[in-house]
C-alpha cells in the first residue's frame, strides 16, 4: 500500500470535517461551495436564464455564522482562566516559545483546543533536532525540542500494536507541505508524508515526498539528551471523548449542519421577499374602452394621482404575509442551534481515556470539560517528552525520600466554566440572546458579573478573547473563492503547514 493510504475511519469523517471547516470560514466560503450547500432550483434546467436566477438566489441568501461564534465562545470559556503550567526551570522558555516559531504554550493550547472542541480530533508531535550524541550544557540552548499541533485531516493513518501485553503506537503518518521551489517571489509547495514508526522497538522518522513515490528521502532516529534512542513515538492523539487513536465524533457537526439548513431557509425566504415582497396593484371591472378613453392607457400610483374607476370596478394591493413558512423554519432552527450550543456545556456521562487517571472511571462532565481534560493530558505527556530530550529530570509527587523537592511537569486547563453555574433555562436564554445579538458583549459580561461569575475587567477580557480568536482553526480562507485555483486553494488544504520548525527538508 502507498504511504498516502488513508485509515478507514478517515473516509467518512473527512466529509464531516469539511462541513465544519466551511461554516467556520463563513458566508464567503459557504457560497463558494454553491450547489453543495444550496441546491439549485430546477437543477435539470441548464439554460442561461436558470443559471442567472440561481446566481441571484445565491447572492440574496444570508449565512449567519453560528458555528464560528459558538466555537469562539467555547474556547473562550476554557481560557477564561489561565492554564496551570508547572515546568522545570530549564524548560521555562517553552512557555514563551513552544513551537520554535514564537508561539507560546498557552497560544498553542488554544489552537489545539479549537480543533478538539470543533472537530473532535487533533494530535501533538514532540520533535527534536538531530544531534551527534549526548549534548553538553552549553549546547542545550541550541538544541531545543518543539511541539507541533496538526490539523485532523493531516493525520491520515495510524496503528497500534501489542508489545509485552501493552498497546503502543507503532505507526503514525502525517501529511505535510514542503517548499518545492522558491525564486524569491513565488513559493511553490509539494506534498510530503512524515512517517513515525517503531522499527525493532526504536522510534524512527521517515520522510516521503510526492516526487519520490514510496522511497523515503530521509530516515532519522531521534535521540534524547544522553544520545539514547526513544522506545515510543512522541505523538499524542487528542479527542473530544478520549485520547486513543480512533477519532471521536465531531462535537460541532450537528450545529454545522443545522447552520447550513438555516442558510437554505434564508435563501428561500429572501427569494420570496424579492419575488413577492413588493406590493402588486390589481383592478377588476375595467373595460377596454374605459382604459383607453379615461385612463389613456396608463395608471399612475401615489398620493398625487387619482384613479377614476367605472361603477362596479374595484382596485387593491396584493402583498405576501410576513409569517411565511421559510421564516418559521428559520426560527425553529435558530432554537435548535441554541440548544445544540448549550448542550456542549451540559453535563453528560462519558468514560475517560487511558491517558487519564482511571480507565474505567465514569464521571459527570460535558463535551467541553472532557475536551479540556484531554488537551491537558496530551500536553502534559508532550511536555514530558520534551523533558526527556532536554535532559530535565522530573518526577510526580511533592517531595523525594531525601526531603528534597522534586521537579514536576503539569499542564491543566480550566474546567470550571461560567455558564454551568447558571440554570439550564437561564443558560439557554443567555446564549440565545447573545447569538441573536439581542444583547451586546458588555451586557453579557454585566450579567455574568452580577451573578458573581465574571472577574476580569472588560478591557482585559476583550484582549484575551481577541488573542484566543487569532488562534482558532482554520480562519484563513481569503483565497478559497478563486475557481481558477480550486485545487491549490481548496479549504480542506487551507491549513496545511510545513511540518515542525526543525523539519528536515
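Tabulated values for the structure
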item: Matching residues in the stretch 196-238 - criterion: being surrounded by 19 or more Cβ atoms within 10 Å (Cβ to Cβ), within 31 Å of the chain's Cα centre (by Cα) and within 19 Å of residue 383 (Cβ to Cβ); result: 196, 203, 233, 234, 235, 236, 237, 238
item: Count of the stretch 276-302 residues which are free of Cβ contacts under 8 Å to residues at least 12 places away in the same chain and under 25 Å from residue 319 (Cα atoms); result: 5
item: Criterion: assigned to a loop (DSSP other than H, G, I, E, B), closer than 30 Å to residue 436 by Cα and either more than 18 Å from the chain's Cα centre (by Cα) or at pLDDT below 85 (or both) - qualifying residue of 132, 80; result: 80
item: Where residue 46 falls short, out of the listed (1) in contact (Cβ under 8 Å) with a residue 40 or more places away in the chain; (2) farther than 16 Å from residue 257 by Cβ; (3) over 21 Å from the mean Cα position of the chain (by Cα); (4) not in a helix (DSSP H, G or I); result: (1)
item: Of the criteria (1) over 20 Å from residue 152 (Cα atoms); (2) in contact with a helix residue (DSSP H, G or I) (Cβ under 8 Å, 6 or more places away or on another chain), which one residue 71 fails; result: (1)
item: Subset of the stretch 147-194 (residues that are within 14 Å of residue 6 (Cβ to Cβ) and in a strand (DSSP E or B)); result: 155, 156, 157, 158, 159, 171, 172, 173, 174, 175, 191, 193
item: Hits in the stretch 90-106 - residues which are surrounded by 13 or more Cβ atoms within 10 Å (Cβ to Cβ), in a loop (DSSP other than H, G, I, E, B) and out of contact with any strand residue (DSSP E or B) (no Cβ under 6 Å at 6 or more places or on another chain); result: 97, 103, 104
item: Selection from the stretch 255-298 of residues that are closer than 27 Å to residue 53 by Cβ and touching a strand residue (DSSP E or B) at 6+ places or on another chain (Cβ under 8 Å); result: 279, 280, 281, 282
item: Residue within the stretch 273-280 that is over 30 Å from residue 308 (Cα atoms) and at pLDDT 85 or above present; result: no
item: Single match in 56, 61, 43 (criterion: at pLDDT below 85 and within 30 Å of residue 274 (Cα to Cα)); result: 43
item: Selected residue (only one of 388, 427 is out of contact with any strand residue (DSSP E or B) (no Cβ under 7 Å at 6 or more places or on another chain), at pLDDT 80 or above and assigned to a helix (DSSP H, G or I)); result: 388
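The values are calculated or read from the model by the stated rules, or taken from the named source; none is laboratory data. Because the structure is a prediction, the values reported are computed rather than measured. Using ideal geometry, Cβ is built from the backbone for each residue, glycine included, and neighbour counts are taken over all protein chains shown.
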